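Report on one structure; see the data block that follows.
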Amino acid sequence: AKKKNGNAAIIYSSDLPGSSNSLLRLETKLHHALQHHAFELHYQPKITVQTGKMEGMEALIRWTDDELGVVSPLQFIPFAEECGLISKIGEWVLKEAATQVKQWNDTYHLKLRVAVNISPKHLAERTFVERLKDILQEVNLDPTHLEIEITEMSMLDQNSELISKIQDIKNMGITISIDDFGTGYSSLSYLKQFPVDALKIDRSFIKNIRKEKGTAMVEAIIKIAHALNLSVVAEGVEDEQELRILKEYACEYVQGYHFSKPLNVQDFTHHIEKNLLS
Ligand code: C2E
Ligand code: CA
Ligand code: CA
Ligand code: CA
């Protein structure tokens, strides 16, 4: 097993003897993290291309374990999906993000909208909509200040139950976007079945945007979205040139290191004060 990302590599070192032990240990650690507030959310600004103004942010989970150090969500989210902890984690993220954006909006008289990543397994839970309503009520958040990002994987199963569930969420006033668009396995047909609001172009496409075919791909995605009345968010925008191309094709929103990395609560508060208050 690689030691590159610190000890986090043990998570998938199934080739090692005793690995089921370390998986068990990881599950215990995740439980412990939930109970002892070892998760934290960072927030990355989302910017309106036309105005250059921040309209909201994406919440991204962070986990620091005493022994393992910082563990990437790319490592522990798939594990949490497998061991059944993802819904608990997802509910924590929803409540935490809702509470935080409510506080920022109340304090600074803003209408920022926070986007939360929801795992397909969590979305598929029978009680998802009910719990979502509970959380919004507990936090007293205006539903239009919440967005949920779901991946194409959530849509593979095009059953009417899921469609009506998404409709219910939308009817609450919550914005819904399709995350990592273009990287999944599904056909485009689901796009007109599901009442979503926006497409998020995956960073892998933005990375290639300077290449001839890369430009064409991004242009095509934006055209599909607009033809279906969906707005477009580009993630992973790292420089001026990428922004310029996206602007040319009328992409509505951008996120990426060019504007800001994901920030902890304190740094994001400073970011608001510096950029949105005059
Ligand atoms: P994602 O939803 O596609 O999120 C975008 C990822 O790209 C984030 O990585 C973000 O920090 C990173 N990023 C943003 N701008 C740039 C850029 O300009 N350049 C580069 N190189 N990277 C950029 P992160 O935070 O490590 O999250 C990775 C993935 O983990 C997310 O991908 C998402 O699928 C998942 N994830 C993160 N937080 C949560 C969560 O609360 N719940 C669930 N279910 N999944 C989460
Ligand atoms: Ca996302
Ligand atoms: Ca992505
Ligand atoms: Ca994702």
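The values are calculated or read from the model by the stated rules, or taken from the named source; none is laboratory data. Keep in mind it's a predicted model, so treat the numbers as computed, not measured. Because the Cβ atoms are built from the backbone with ideal geometry, glycine has one as well, and the counts that use them run over all protein chains shown. Protein only, heavy atoms only, side chains kept; ligands, DNA and RNA dropped before computing areas. Shrake-Rupley method; radii C 1.70, N 1.55, O 1.52, S 1.80 Å.
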Report summary line: Within segment 149-166, residues within 14 Å of ligand 4 (Cβ to nearest atom) and open to solvent by 70 Å² or more (accessible area, probe 1.4 Å) come out as MET153
Query - Considering residues of segment 114-132 that are within 16 Å of ligand 2 (Cβ to nearest atom) and crowded, with 19+ Cβ neighbours inside 10 Å only, the residue farthest from ILE148 (Cα to Cα) - result: HIS122
Query raised in the report: Do you know which of the residues in segment 34-51 that are part of a loop (DSSP other than H, G, I, E, B) and not β-branched (Val, Ile, Thr) is surrounded by the most Cβ atoms within 10 Å (Cβ to Cβ)?
Result: ALA38
Query raised in the report: What residue, of GLN100, GLN50, GLN44, is in contact (Cβ under 8 Å) with a residue 40 or more places away in the chain and within 16 Å of ligand 3 (Cβ to nearest atom)?
Result: GLN44
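Taking the conditions exactly as written (closer than 24 Å to LYS46 by Cα, in contact (Cβ under 8 Å) with a residue 24 or more places away in the chain, in a helix (DSSP H, G or I) and not aromatic (Phe, Trp, Tyr)), does LYS121 satisfy them or not? Write out each step before concluding.
Working: closer than 24 Å to LYS46 by Cα: no; in contact (Cβ under 8 Å) with a residue 24 or more places away in the chain: yes; in a helix (DSSP H, G or I): yes; not aromatic (Phe, Trp, Tyr): yes.
It is false that LYS121 is closer than 24 Å to LYS46 by Cα, in contact (Cβ under 8 Å) with a residue 24 or more places away in the chain, in a helix (DSSP H, G or I) and not aromatic (Phe, Trp, Tyr).
For segment 199-218, how many residues are in a loop (DSSP other than H, G, I, E, B) and within 22 Å of ASN229 (Cβ to Cβ)?
Our first condition is that a residue be in a loop (DSSP other than H, G, I, E, B); within segment 199-218, this holds for 202, 208-211.
Applying the additional criterion that residues be within 22 Å of ASN229 (Cβ to Cβ) yields 202.
Count: 1.
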Report summary line: Within segment 223-278, the count of residues that are open to solvent by 70 Å² or more (accessible area, probe 1.4 Å) and at positive phi comes to 1
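Among LEU191, LEU162, LEU136, which is the only one that is under 15 Å from VAL232 (Cα atoms) and in a helix (DSSP H, G or I)? Full working, then the answer.
On the way: LEU162 fails: under 15 Å from VAL232 (Cα atoms); LEU136 fails: under 15 Å from VAL232 (Cα atoms).
It is LEU191.
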Query raised in the report: Would you pick out the residues in segment 167-212 that are of a type in the set (Lys, Arg), farther than 20 Å from ALA250 by Cβ and either surrounded by 14 or more Cβ atoms within 10 Å (Cβ to Cβ) or more than 13 Å from ligand 1 (Cβ to nearest atom) (or both)?
Result: LYS170, LYS192, LYS211
Report task. Run down VAL233, VAL196 and say which single residue is within 29 Å of ASP168 (Cα to Cα), within 16 Å of ligand 4 (Cβ to nearest atom), of a type in the set (A, V, I, L, M) and outside any strand (DSSP E or B). Result -> VAL196
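Return the only residue of LEU68, LEU74 being loosely packed, with under 14 Cβ neighbours inside 10 Å and either touching a residue at least 24 places away in the same chain (Cβ under 8 Å) or hydrophobic (A, V, I, L, M, F, W, C) (or both). Talk me through it step by step, then tell me what you get.
Working: LEU68 fails: loosely packed, with under 14 Cβ neighbours inside 10 Å.
Unique residue meeting the criteria: LEU74.
I'd like the full set of residues that are free of Cβ contacts under 8 Å to residues at least 60 places away in the same chain and within 18 Å of the chain's Cα centre (by Cα), limited to segment 221-234.
Of the residues in segment 221-234, the ones free of Cβ contacts under 8 Å to residues at least 60 places away in the same chain are 221-232, 234.
Across segment 221-234, the qualifying residues are LEU230, SER231, VAL232, ALA234.
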Report summary line: Exactly one of LYS121, LYS165 is within 18 Å of the chain's Cα centre (by Cα) and basic (Lys, Arg), and that one is LYS121
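Does THR144 satisfy the criteria of being part of a strand (DSSP E or B), of a type in the set (S, T, N, Q) and either within 22 Å of LEU34 (Cβ to Cβ) or more than 16 Å from ligand 3 (Cβ to nearest atom) (or both)?
Working: part of a strand (DSSP E or B): no; of a type in the set (S, T, N, Q): yes; either within 22 Å of LEU34 (Cβ to Cβ) or more than 16 Å from ligand 3 (Cβ to nearest atom) (or both): yes.
So THR144 does not fit the description; no.
What number of residues within segment 208-221 satisfy the criterion of being touching a helix residue (DSSP H, G or I) at 6+ places or on another chain (Cβ under 8 Å) and either among the aliphatic types (A, V, I, L, M) or within 13 Å of ligand 3 (Cβ to nearest atom) (or both)?
Total meeting the criteria: 4.
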